[in-house]
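The values are calculated or read from the model by the stated rules, or taken from the named source; none is laboratory data. Predicted model only: the values in this text are computed from it and were never measured. Neighbour counts run over all protein chains shown; Cβ positions are idealised from the backbone, glycine included.
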Amino acid sequence: METGKASLNLPAVERIIREIRPMNQPEEGCFDATAVFLLLFDILNPHLLAVLKSDTEGYPWRNQVALPGGHVDEKDDTALDAAFRELEEELQITRKDVRYIGTLGHFQTINNKDIEVFAGAWNGRGNLSFDKAEISRIFKLPISPLLQIHVARGYHGRLPGVLELSYPVEDVQIWGVTGKIIHFLLEQLYSVFVTEIYSASGVKKGSFGKTPKVPANKTD
């Protein structure tokens, strides 16, 4: 596939994810194992699914945008099984409605969680529902504006620090480990879709433009 010649569609994104060299797993026993799904949908205009955690006092993910998932339990045969289980528990999306793509690898949080990120393509079926004590909103985020932000803020080719790395979505910011996961994904997409990114964003290479916001479709 030639650099900059691909169309930003779901099959192309899937091909890139399958070729990703996943982030390494840390030494066993140093972190609590968790698993999440980076769930993609919409063939012609790829989106990813994210959630806004509830405003619950004492909740470590309070008011943060995250990918659906949770702890790997003893009853889970694998981390992937845990990710599928959590996806159904959190959003009522069943395993039969998700085509597994591959893993992006492992990402660590400052509170000693190791998150393995699995990518899947969702067929859009089922009625999304969630426990409002845990989740306050669901975001359907188009990838193209995320790439535009990635370019406009000069994130390509480097991993900004936690205080700098963020992607604005409506009235919230994607930051922290979720920001790192999205940054990793966008870096994989960048080299293939670079021409399309600059054309869509109106940002010249090597320059910085006004940072757009992601026009998320959200479910309250």
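Here are the numbers for the structure shown:
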| quantity | calculated |
| --- | --- |
| Criterion violated by A50 - all others in (1) surrounded by 14 or more Cβ atoms within 10 Å (Cβ to Cβ); (2) within 18 Å of the chain's Cα centre (by Cα); (3) not in a strand (DSSP E or B) satisfied | (3) |
| Test for R158: is it surrounded by fewer than 20 Cβ atoms within 10 Å (Cβ to Cβ) and either touching a Leu at 6+ places or on another chain (Cβ under 8 Å) or assigned to a loop (DSSP other than H, G, I, E, B) (or both) | yes |
| Hits in the stretch 53-94 (condition: in contact (Cβ under 8 Å) with a residue 60 or more places away in the chain and of a type in the set (K, R)) | K53 |
| Failed condition for A12, given (1) touching a His at 6+ places or on another chain (Cβ under 8 Å); (2) farther than 21 Å from N127 by Cα; (3) not in a loop (DSSP other than H, G, I, E, B) | (1) |
| Within the stretch 64-81, considering residues that are among the hydrophobic types (A, V, I, L, M, F, W, C) and outside any strand (DSSP E or B), the one farthest from F118 (Cα to Cα) | V72 |
| Residue check, Q64 over 19 Å from E187 (Cβ atoms), touching a helix residue (DSSP H, G or I) at 6+ places or on another chain (Cβ under 7 Å) and modelled with pLDDT under 95 | yes |
| Tabulated pairs, the stretch 95-120, first at positive phi, second buried (at least 16 other Cβ atoms within 10 Å of the Cβ) and part of a loop (DSSP other than H, G, I, E, B), C-beta under 6 angstrom, 6+ apart or interchain | N112/F31 |
